[in-house]
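The values are calculated or read from the model by the stated rules, or taken from the named source; none is laboratory data. If you're wondering where the values come from, they're calculated on a predicted model, not measured in any experiment. Cβ atoms come from the backbone with ideal geometry, glycine included; neighbour counts cover every protein chain shown. What goes into the accessible areas is simple: the full protein's heavy atoms, side chains included, and nothing from ligands, DNA or RNA. Shrake-Rupley method; radii C 1.70, N 1.55, O 1.52, S 1.80 Å.
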Amino acid sequence: MAEVVTPQPPPPPPGVVDEDIVKPYKIHIPSKHLDLTRQKLELTRLPHQGAEPQIEPLIDYWLESYSFRETETKLNETITQFRTSIPLSPDSSSLGNNQSIRIHFIHSQSQSSSTSTSTPILLLPPFPLTNLSIYPHIPSDPNQTLIIPSYPGIGFSDSLPASTSLVIKTTAHLFNELMISRLNYTKYIVSVSSSNKIDNLIAQFLVSEYSDTCIGANLINPELKKPSLGGGGNVWEWGKWLLARFFRGGVVGYEEEDFEQNMRNDHEEKGDVELGLGMGLGVPVEGNDGIGETISYALCDSPVGMLAAVVKGLGNREKKLGEEELVTITNLGWLPGPEGAVRFGMGVCQEGMGIKKKKKKGAVGVTVFVGGEKKGGYCPPAWANTEYILCNTQRIKGGGGEGGLMLIFERPEVIFDGVKGLVSGIEKLTARKKEKEKETAAFEGVIIHPATEQEVTTPPGQVIQPPVELSAISSPASGDTAVAGTPSPSGGVDVKGKGKAPVTTGDYLQPPAPIRGDTVSSEGESPDTLVENLLPPLDKA
């Protein structure tokens with residue numbers, strides 16, 4: 001009896017989600033948490049010296065004029081939010097394979113059908129800010145599909161289990177699953193929104209480990225591996241680096257400013273690596289067991305402590321963020337609980353020190369800030385070719401906090417110009433690959449006859465027999481038949497379907513003798529393309 005096959009429903013179009021799996025979401029903070037926050041603000045004791053001058057006026061504003069309920073309503077009405085549960089990768093935790101966490105994300109779909117403009121962008125918020133904190137500052141673009149998740153443990157995304165050791169790998173798995181399995185996109189581009197080390201590490205891992213789906217990463221002031229010969233280094237990139245050093249830039253992708261500023265190497269001089277909170281905490285990771293828990297206790301118990309960290313980290317040099325926005329950013333970190341964010345940052349930095357070598361060379365775009373005040377400089381963008389395929393370089397003259405947390409608030413166009421440049425570079429790279437494939441396909445199934453140098457096309461799927469070398473054929477025994485050209489069970493040489501010519505002991509094996517002279521052969525061959533036969537002819541019977 002024939003098996004009945006039930007037809008499977010077609011997959012949903014990209015961006016169309018199953019609301020049983022991906023649920024629309026609106027934030028809501030219980031009133032008891034808001035009441036507790038107010039009590040703690042009223043009991044705040046500020047230090048007598050060294051306090052930020054902005055802090056006390058902000059506390060007064062928070063108590064007397066600010067309403068989180070009004071902010072909550074505004075965010076829910078103006079931002080399209082979702083939350084979905086995604087299983088952890090099998091090797092991300094020792095607790096088993098059946099655990100899941102909920103990821104909170106913003107999904108803004110393109111109104112255009114153009115491939116080049118509607119390639120979805122996975123935008124990573126600058127750690128440790130939430131997606132809701134930065135969305136109001138993103139330029140509106142109807143041709144852009146944008147997905148902005150919050151990292152695990154930040155905002156309204158669940159924290160990773162405390163036993164999770166591979167934080168970078170687990171986070172990359174969650175975000176790739178979000179794009180592919182939950183939102184049904186086949187390919188996407190990831191972009192950071194600051195020069196934060198944590199953001200760049202996540203993006204670099206995504207484009208390396210998931211290069212089939214994450215087709216490019218837009219990076220800002222990333223740490224890059226210096227070209228070298230050691231450890232299986234890239235000889236070509238090492239040679240270009242030596243050439244650029246000799247000429248001090250201006251050649252092979254390097255510029256003079258690459259040598260004018262201090263350049264930092266990738267993991268060559270570790271020293272104490274700061275926790276990448278980007279909020280002025282300056283906490284060394286190495287040799288400080290339990291420091292993350294200490295910070296968590298302090299921030300969880302003090303909304304003013306969180307406010308001070310926000311003010312210090314953002315800098316807000318030109319006062320572009322008003323009182324309401326600074327307090328809102330603080331609440332979005334304080335109310336859900338900051339301990340998950342601290343643990344996440346510690347895990348990424350510790351794992352990032354010994355992250356494994358990338359498996360594949362993904363496409364990247366690199367933005368660096370030159371001529372600014374940032375200490376330590378940057379890695380030359382051309383270094384990216386050591387581990388990636390550099391498709392776009394953007395050099396920005398200072399400003400934007402040199403890529404820090406304020407970049408998304410002050411100069412968001414820098415981020416999205418980098419994304420557009422990367423998309424254009426990937427399109428050019430794809431076009432070159434297709435052209436090479438066409439050139440290769442034109443010669444598939446074509447061989448050159450060893451005697452006449454004529455092109456011979458074989459039907460698809462037919463095995464091409466390699467030419468038989470004369471030196472590889474020994475003299476046959478008496479009465480036996482030697483085989484040259486196409487083998488035949490009955491012996492002899494099968495020449496163009498004209499029958500088999502027996503070859504006896506003492507005969508020389510040779511290809512058909514070409515026509516010499518100024519005439520053209522019966523098959524239209526040109527004499528000057530024929531190979532002269534230097535072997536003696538067969539003896540005629």
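Could you tell me whether any residue of region 11-18 is at pLDDT 90 or above and either open to solvent by 90 Å² or more (accessible area, probe 1.4 Å) or closer than 30 Å to Lys187 by Cβ (or both)? Outline the logic, then answer.
The first filter runs over region 11-18 and keeps only residues at pLDDT 90 or above, leaving none.
No, the conditions are met nowhere in region 11-18.
Is it the case that region 424-433 has a residue that's in contact with a Lys or Arg (Cβ under 6 Å, 6 or more places away or on another chain) and open to solvent by 30 Å² or more (accessible area, probe 1.4 Å)?
The answer is no, given that none of the residues of region 424-433 is in contact with a Lys or Arg (Cβ under 6 Å, 6 or more places away or on another chain) and open to solvent by 30 Å² or more (accessible area, probe 1.4 Å).
Sort out for me the strands (runs of 3 or more DSSP E) sitting completely within region 383-489 that have 3 or more residues that are modelled with pLDDT of 70 or more and over 19 Å from the mean Cα position of the chain (by Cα).
Strands (runs of 3 or more DSSP E) meeting the threshold: 389-397.
Residues of region 190-204 being open to solvent by less than 10 Å² (accessible area, probe 1.4 Å) and assigned to a helix (DSSP H, G or I), which ones?
Within region 190-204, Ile198, Asp199, Asn200, Ile202, Ala203 meet the criteria.
Can you tell me which residue is surrounded by the fewest Cβ atoms within 10 Å (Cβ to Cβ) among those in region 152-163 that are among the small types (Gly, Ala, Ser) and over 22 Å from Ile134 (Cβ atoms)? Even if it seems obvious, please write down each step before you answer.
To start, the set of residues in region 152-163 that are among the small types (Gly, Ala, Ser) comprises 153, 155, 157, 159, 162-163.
Checking the rest, the ones that are also over 22 Å from Ile134 (Cβ atoms) come to 162-163.
Values: Ala162: 11, Ser163: 9.
Of everything passing the filter in region 152-163, Ser163 is surrounded by the fewest Cβ atoms within 10 Å (Cβ to Cβ).
From the list Thr84, Thr37, pick out the single residue that is β-branched (Val, Ile, Thr) and in a helix (DSSP H, G or I).
Only one candidate qualifies: Thr37.
Using the structure shown, decide if Asn131 is open to solvent by less than 30 Å² (accessible area, probe 1.4 Å), under 27 Å from Ile426 (Cβ atoms) and either of a type in the set (Ser, Thr, Tyr) or touching a residue at least 24 places away in the same chain (Cβ under 8 Å) (or both).
Details: open to solvent by less than 30 Å² (accessible area, probe 1.4 Å): yes; under 27 Å from Ile426 (Cβ atoms): yes; either of a type in the set (Ser, Thr, Tyr) or touching a residue at least 24 places away in the same chain (Cβ under 8 Å) (or both): yes.
When the stated conditions are applied, Asn131 passes them.
Any idea how many residues of region 347-382 are among the aliphatic types (A, V, I, L, M), at pLDDT 85 or above and assigned to a helix (DSSP H, G or I)?
Number of matching residues: 2.
Among the listed residues Arg69, Arg102, Arg45, which satisfies the condition of being open to solvent by 40 Å² or more (accessible area, probe 1.4 Å), at pLDDT 85 or above and in a strand (DSSP E or B)?
Working: Arg69 fails: in a strand (DSSP E or B); Arg45 fails: in a strand (DSSP E or B).
Only one candidate qualifies: Arg102.
State whether the residues of region 205-225 include one that is in contact with a Cys (Cβ under 7 Å, 6 or more places away or on another chain) and open to solvent by 40 Å² or more (accessible area, probe 1.4 Å).
yes
Applying the selection to region 179-189, what residues are open to solvent by less than 20 Å² (accessible area, probe 1.4 Å), touching a strand residue (DSSP E or B) at 6+ places or on another chain (Cβ under 6 Å) and within 21 Å of Pro87 (Cα to Cα)?
If the condition is that a residue be open to solvent by less than 20 Å² (accessible area, probe 1.4 Å), touching a strand residue (DSSP E or B) at 6+ places or on another chain (Cβ under 6 Å) and within 21 Å of Pro87 (Cα to Cα), then Met179, Tyr188 are the ones that fit.
Would you tally the residues in region 226-245 being open to solvent by less than 60 Å² (accessible area, probe 1.4 Å) and in a loop (DSSP other than H, G, I, E, B)?
The qualifying residues number 6.
Hey, which of the helices (runs of 4 or more DSSP H) in region 256-335, taking only ones fully inside, have at least 1 residues that are within 26 Å of His33 (Cβ to Cβ), at pLDDT 50 or above and open to solvent by 20 Å² or more (accessible area, probe 1.4 Å)? Outline the logic, then answer.
On the way: elements: 257-260, 291-301, 303-314, 323-334.
Of the helices (runs of 4 or more DSSP H) lying wholly inside region 256-335, those with at least 1 residues that are within 26 Å of His33 (Cβ to Cβ), at pLDDT 50 or above and open to solvent by 20 Å² or more (accessible area, probe 1.4 Å) span 291-301, 303-314, 323-334.
Among (1) hydrophobic (A, V, I, L, M, F, W, C); (2) under 22 Å from Ile220 (Cβ atoms); (3) in contact with a Ser or Thr (Cβ under 6 Å, 6 or more places away or on another chain); (4) surrounded by fewer than 20 Cβ atoms within 10 Å (Cβ to Cβ), which single condition is Leu166 missing?
Only one criterion in (1) hydrophobic (A, V, I, L, M, F, W, C); (2) under 22 Å from Ile220 (Cβ atoms); (3) in contact with a Ser or Thr (Cβ under 6 Å, 6 or more places away or on another chain); (4) surrounded by fewer than 20 Cβ atoms within 10 Å (Cβ to Cβ) is unmet by Leu166, namely (2).
Could you identify the single residue in Ser159, Ser211 that is among the hydroxyl-bearing types (Ser, Thr, Tyr), touching an Asp or Glu at 6+ places or on another chain (Cβ under 9 Å) and in a loop (DSSP other than H, G, I, E, B)? Working first, answer last.
Working: Ser211 fails: touching an Asp or Glu at 6+ places or on another chain (Cβ under 9 Å).
Selected residue: Ser159, the only one of Ser159, Ser211 that is among the hydroxyl-bearing types (Ser, Thr, Tyr), touching an Asp or Glu at 6+ places or on another chain (Cβ under 9 Å) and in a loop (DSSP other than H, G, I, E, B).
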